[in-house]
Structures are given as C-alpha cells and as structure tokens.
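*Asks:* To start, I am sharing the structure in question, which I have written as structure tokens.
Read the figures in this text as sums done on the coordinates, not as results from a lab. Source: prediction; values computed, not measured. Every residue, glycine among them, receives a Cβ derived from its backbone with ideal geometry; neighbour counts consider all protein chains shown.
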Amino acid sequence: MTPTQLLAILAQAGRLKTNTRHCYTEPGRKESVADHSWRLALMAMLLRNEPEFAPLDMDRVIRMCLIHDLGESFTGDVPTFEKTGDHEQAERQAYRDWVDSFPSPDREEWLQLLREMKALETPEAKLYKALDNMEAVIAHDESDISTWLPLEYDLQLTYGRENVAFSPYMRQLKEEIDKWTREKIRSSRED
C-alpha cells in the first residue's frame with residue numbers, strides 16, 4: 001500500500017470520528033461511530049484471556065470490530081430501530097465499492113472479513129456481533145435516560161439477546177447489562 005493509498009483510506013475512515021450515533025456520551029455530546037468501534041475493539045482485547053474465548057483468533061475479532069461500521073463513513077449511522085433494507089443495501093454497496101478499490105492483499109483480507117461477518121458462522125464472527133450489540137446497549141445505558149425514546153425501554157432488554165445465545169460468558173454479560181438497565185429505568189420512575 002502506498003502512502004497515498006493509506007492516506008486516502010484513513011481520510012474516509014476518519015469520517016467516523018464526526019459521524020454520530022443515537023446515544024450521548026455526556027450531556028450535549030453524541031457518541032461517534034469511532035467511539036463505538038474503538039470501545040468494541042477494546043472489549044474484544046479485554047476478553048483475549050477469557051478461557052471460553054482462548055481457542056478463538058482474537059486478533060481477527062478485533063479487526064472485525066475495527067472495520068465493521070466503516071460503511072457508515074459513507075452513509076452515516078441509522079439507529080437499528082429506523083434502519084431499513086434500503087439503508088443496509090446502500091451502506092453495504094458503498095463499503096464494498098470502497099474496499100474493491102484497495103490494493104492487494106488488503107482488498108482480499110477485508111472482503112474475507114466482511115463475508116465472514118455477514119455470514120455469522122464462525123466463532124469469531126459470532127463474538128464480534130455479540131460484542132457489537134452489547135457495546136451499543138452499554139453506551140445507551142450510559143446515556144441520560146431523558147434522551148431515550150419510549151421504544152428503547154423494551155429494546156434495551158431485548159437487543160442482542162439472540163446474538164449472545166451462543167456463549168455462556170456473553171449471556172452472563174447481557175444479564176449484567178439488563179440488571180443495569182432495569183435499575184436505571186426503576187430509578188428514573190422514582191425521581
């Protein structure tokens with residue numbers, strides 16, 4: 001990869017620093033897609049020594065976490081409860097066209113990762129997707145509840161449940177996050 005190619009890729013990826021997501025990291029500051037991707041990769045790194053995940057290629061999981069939302073550098077983020085098939089197709093196509101322009105062997109590596117992430121058949125892809133869902137729920141629990149939409153009270157407790165089912169550790173993490181969510185909702189109703 002030439003320095004010019006590297007800079008072009010970084011410029012496109014850098015848009016994730018200003019593309020915002022639905023929740024807030026603090027009053028008046030929405031979370032960026034880059035914030036989400038960074039913490040998602042950190043979560044995978046922190047699980048590297050967890051016995052359940054020892055057989056997995058955690059470097060591969062981290063790479064998935066880092067690149068999973070780069071399509072949003074073209075389309076912006078659309079909250080899961082608003083995203084349609086048309087949104088997904090536009091994001092996927094823009095991302096695919098971009099990756100097709102990469103030099104070899106980067107192009108082949110990224111395309112393989114994207115296929116694996118979409119299929120959700122390998123343990124690595126399943127873990128990446130479960131972590132992606134759990135990071136989103138964690139970030140939402142960190143947001144002031146006054147920013148929540150009515151539909152999000154239930155969504156917080158159901159989002160990602162099917163994607164953590166494969167793993168005892170991830171099911172336990174979801175249970176802990178759900179406790180946090182219930183307490184947050186309970187506390188808000190007492191105020």
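*Asks:* Residues with amide H under 5 Å of Asp77's amide H, sequence separation 5 or more or different chain, H placed in the peptide plane at 1.01 Å from N; which?
*Replies:* Thr20
*Asks:* Under a Cβ-only charge scheme (Lys and Arg +1, Asp and Glu -1), can you give me the dipole magnitude of the stretch 103-191 about the Cα centre, in debye to the nearest 20?
*Replies:* Taking the Cα centre of the stretch 103-191 as origin, the dipole is about 300 debye.
*Asks:* Can you give me the P(r) profile for the stretch 3-190? Cα pairs, bins 5 angstrom wide beginning at 0, each as a whole percent.
*Replies:* With a bin width of 5 Å, the distribution comes to 1, 7, 15, 19, 21, 16, 12, 6, 2, 1, 0, 0.
*Asks:* Report the residue, chosen from Asn163, Asn49, Asn19, that carries the largest GNM mean-square fluctuation when the chain is represented by alpha-carbon nodes joined by springs under 10 Å.
*Replies:* Judging by the Gaussian network model, the answer is Asn49.
*Asks:* Using Cα springs under 10 Å in a Gaussian network model of the chain, which residue among Ala130, Ala44, Ala54 shows the largest mean-square fluctuation?
*Replies:* Ranking Ala130, Ala44, Ala54 by mean-square fluctuation puts Ala54 first.
*Asks:* Which whole-Hz ³J(HN,Hα) couplings does the stretch 113-123 yield from phi under the Karplus relation 6.51 cos²θ - 1.76 cosθ + 1.60, θ = phi - 60°, glycine and proline marked x?
*Replies:* With the stated coefficients, the stretch 113-123 comes to 4, 5, 4, 5, 5, 5, 6, 6, 9, 7, x Hz.
*Asks:* What is the set of long-range amide H partners of Ser32 at a cut-off below 5 Å, with H atoms built 1.01 Å from backbone N?
*Replies:* Arg21
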